[in-house]
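A short reminder: the numbers here are calculations on the coordinates, not readings from a lab. Predicted model only: the values in this text are computed from it and were never measured. Neighbour counts run over all protein chains shown; Cβ positions are idealised from the backbone, glycine included.
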Amino acid sequence: MTDHLVHRLEPYADHLTFVISDAEATEGHCIAVGTARYDFVPVTLTVQTTRAAAAPLYAFDHVVEADITLPSGKLATTGATQLPDEVEPLHLPAGLYGARICYAQTDQRPAKSNLEDFGDYLEYLVTMWPTDEDHGVEVLEQGPLALGVLIRTDRVSQA
């Protein structure tokens with residue numbers, strides 16, 4: 001893996017959620033990210049070789065960190081009801097990854113976005129890195145509203 005990889009995605013956040021998961025895992029191994037819109041949403045996914053540098057949290061509406069295990073090393077980003085095999089996975093070394101999800105106001109509108117839908121326009125900045133230690137789920141910056149729930153196989157936490 002190079003120093004970092006950046007991917008821009010626009011999953012359909014049906015049920016106000018998109019999911020980051022192992023594309024071949026039959027259960028668990030996912031992070032569900034709550035969204036402000038039931039629509040296509042802009043996601044910038046960055047995979048780094050080391051832990052994400054601390055960014056000033058005041059620049060974001062909401063920031064959460066969680067861990068995800070990728071047994072197959074195939075990372076899928078999908079809508080809540082979409083199956084992981086319906087998207088082209090990102091191939092990474094198998095293992096445990098830390099993930100920081102930042103919610104940021106944006107003027108960006110996905111190409112398929114429905115301008116009539118309700119909700120704020122947010123961009124979801126997901127930064128991931130390999131780690132040896134499970135840190136669980138931690139809210140680093142609580143937004144004005146409970147913007148979503150991050151769900152892992154062994155924890156449920158308001159995010």
* Among 62, 84, 30, flag the residue with its Cα farthest along the positive direction of the charge dipole of segment 25-114, charges on Cβ as +1 for Lys/Arg and -1 for Asp/Glu. => 62
* Structure fact -> Per the rule of 0.36 nm per residue minus the C-alpha distance, extending residue 109 to residue 140 adds in nm 8.5 nm
* Convert 25 °C to kelvin, take the viscosity as 0.890 mPa s, use the Kirkwood radius over C-alpha pairs of segment 46-95 as Rh, and evaluate the Stokes-Einstein diffusion coefficient in µm²/s, rounded to a whole number. => 184 µm²/s
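Using Stokes-Einstein with the Kirkwood hydrodynamic radius over Cα pairs, what translational diffusion coefficient do you get for segment 4-158 at 4 °C and a viscosity of 1.567 mPa s, in µm²/s rounded to a whole number?
Values: Rh = 15.4 Å.
Estimated diffusion coefficient is 84 µm²/s.
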* segment 62-99 and segment 8-40: distance between their alpha carbon centers, rounded to Å -> 9 Å
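Using unit Cβ charges (K, R positive; D, E negative) and no other charged atoms, how large, in debye to the nearest 20, is the dipole of segment 4-158 about its Cα centre? Intermediate values should be presented prior to the final figure.
Working: 9 positive and 23 negative charges, 51 e Å.
So the magnitude is around 240 debye.
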* To do: For residue 4 and residue 26, calculate 0.36 nm times their separation in residues minus their Cα-Cα distance, and state this gained length in nm to one decimal.
  => 5.1 nm
* **Ranked 8, 100, 37, criterion: other C-beta atoms within 10 Å, fewest first** => 8, 37, 100
